[in-house]
Amino acid sequence: MDKFVIKGGRPLTGAIPISGSKNSALPALAAALLTSEPVILRRIPKVRDIRTMQRLLVDIGSKVDVGPDSVRIETTEVTSPEAPYELVKTMRASSLVLGPLAARAGRARVSLPGGCAIGARPIDQHIGGLEHLGAKIRQSHGYIEADASEGLFGAKIHFDRITVTGTEDLMMAATLASGETVLEHAAREPEVKDLADLLIKMGAKIEGAGTSTIRIEGVKQLGGADHTIIGDRIEAGTFLIAAAITGGDITVTECPVEHLDALILKLRQTGLAVTQPDGTTLRVQSNGPMRSVDMTTEEYPGFATDLQAQYMALMTQAEGIAIVTETIFENRFMHAQELARMGANIRLDGSRAIVAGPRDLTGAGVIASDLRASASLVLAALAARGETVIDRVYHIDRGYEKIEEKLALAGARIERVE
Ligand code: EPU
């Protein structure tokens, strides 16, 4: 298992290019199952979760050709409409094939994901929605089986709670249902909008993606498309925080600036200078001591839960007390204990973390517990005096493309060792 060895304590300065969004690319790959024609997706990030999704598509019957910066998927026939436990347990986003398979093949068998490091994360909203569209659902041996052999039928679906992949899954299923589907209380994340843009290119009729009400008029069939994935706002946010936490100056390029408003607001409130040299570039410059600023995670356009761990690491370096409240997942504070091992003063109280700063962090041996928690440990290590060894960096490889090479562009001393 790979580890990162990081020698911290120096400001990072430089420019870092942003990759395509992992959480946009995953549903886009699943959407390719909806048609027998080729779908070409560009700016697909080279991360482990994407390789897992590509493997799943091959098992299902797709031909997947991976080019230097694009992927071509052609699914002439769905030969095995199934997402097995072995894949779903390593990547919950595998459940994104449920809707497309039910719609295209009339049948889907998808393993229930079980618990995960950041919370229970059930998929009841996906399943309930599919039932509303007319699929017959059965659960046995840890699998959900959807039978839509008589077709799917448009319906009004009101989500009990906002779910990103649930919205995506049902939007995909509804594209091939007869009649109109209305998704209410839908997720407004930019990744949902990006998926709708792809589906519309494939011939789907969708209005309102990016708002909480999405209308989909089903069509008989979808065709091929060529689509470029949006930039990864979470990757961009992580590097901007790297500038802030090390007292440095980083510019991120090819960045989805318009999706980062909530983070930019917080960074400015702490006293950092955030500027936008052009439409796709953001720069964070340190400006002396930072103030502590409270933060609560929310669905988009609120502050992303996927940047909560990184923000908590940042608050260890700010003056005062910051209360970080996590509202999306019930167990997403695993990084707090590891940050404490590096010298952070963090007290947990249910869904709140109380971070007192500034504290001098020192290098230590720490363990990555999930994707974004690992990113927060990398950030803390870059700010810490001495050497930090981060174990189990396979978590970070799930969602960050060559993070060590990108950070090195800004002068980070980070090495991957086996
Ligand atoms: N939930 C339910 N029932 C459902 C679905 C969700 O109770 O059927 C709950 C979840 O347990 C959670 C909340 O609703 O407490 C929100 O979950 P959501 O479904 O929105 O999360 P997701 O779709 O599984 C995506 C991202 C996550 C990101 C969340 C929240 C992808 C592939 N994953 O997950 O990304 O944290 O939305 O924004 O898009 C990451 O990239 O590190 C990551 C975890």
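The values are calculated or read from the model by the stated rules, or taken from the named source; none is laboratory data. These figures come from a predicted structure and were not determined experimentally. Using ideal geometry, Cβ is built from the backbone for each residue, glycine included, and neighbour counts are taken over all protein chains shown. Side chains are part of the model used for accessible areas, which takes the heavy atoms of the whole protein and leaves out ligands, DNA and RNA. Shrake-Rupley method; radii C 1.70, N 1.55, O 1.52, S 1.80 Å.
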Check: Do any helices (runs of 4 or more DSSP H) entirely within region 79-194 hold 1 or more residues that are open to solvent by 50 Å² or more (accessible area, probe 1.4 Å), more than 25 Å from residue 213 (Cβ to Cβ) and out of contact with any helix residue (DSSP H, G or I) (no Cβ under 9 Å at 6 or more places or on another chain), and if so, which?
Finding: 85-88
Next item on the list: Among the residues of region 195-230, write down those that are assigned to a loop (DSSP other than H, G, I, E, B), away from the ligand (no atom under 15 Å from the Cβ) and under 30 Å from residue 282 (Cβ atoms).
Entry: 208
Next item on the list: Kindly list the number of the only condition in (1) within 13 Å of the ligand (Cβ to nearest atom); (2) under 25 Å from residue 374 (Cα atoms) that fails for residue 86.
Entry: (1)
Margin query: Out of everything in region 2-53 that is of a type outside the set (Lys, Arg) and at positive phi, what residue ends up being farthest from the ligand (Cβ to nearest atom)?
Written below: 9
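Let's see how each residue does on (1) of a type in the set (Val, Ile, Thr); (2) closer than 30 Å to residue 410 by Cβ; (3) touching a His at 6+ places or on another chain (Cβ under 9 Å):
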site: 198; (1), (2), (3): no, no, yes
site: 202; (1), (2), (3): no, no, yes
site: 207; (1), (2), (3): no, no, no
site: 215; (1), (2), (3): no, no, no
site: 218; (1), (2), (3): no, no, no
site: 239; (1), (2), (3): no, yes, no
site: 247; (1), (2), (3): no, yes, no
site: 256; (1), (2), (3): no, yes, no
site: 261; (1), (2), (3): no, yes, no
Margin query: Being within 13 Å of the ligand (Cβ to nearest atom), of a type in the set (Lys, Arg) and under 24 Å from residue 400 (Cβ atoms) is true for just one of 233, 188. Which residue is that?
Written below: 233
Note to self: When you scan region 22-34, do you find a residue that is open to solvent by less than 10 Å² (accessible area, probe 1.4 Å) and in a loop (DSSP other than H, G, I, E, B), even just one?
What the structure shows: no
Check: What is the number of the single condition among (1) assigned to a helix (DSSP H, G or I); (2) within 16 Å of the ligand (Cβ to nearest atom) that residue 399 does not meet?
Finding: (1)
Notebook entry, point to check: Looking at this structure, is residue 319 under 14 Å from residue 3 (Cα atoms), more than 16 Å from the ligand (Cβ to nearest atom) and either under 25 Å from the mean Cα position of the chain (by Cα) or not hydroxyl-bearing (Ser, Thr, Tyr) (or both)?
Noted result: no
Notebook entry, point to check: Of everything in region 81-102 that's among the hydrophobic types (A, V, I, L, M, F, W, C) and over 14 Å from residue 60 (Cα atoms), which residue is nearest to the chain's Cα centre (by Cα)?
Noted result: 93
Note to self: Among the numbered criteria (1) surrounded by 15 or more Cβ atoms within 10 Å (Cβ to Cβ); (2) charged (D, E, K, R); (3) in contact with a strand residue (DSSP E or B) (Cβ under 6 Å, 6 or more places away or on another chain); (4) outside any strand (DSSP E or B), which one does residue 283 miss?
What the structure shows: (4)
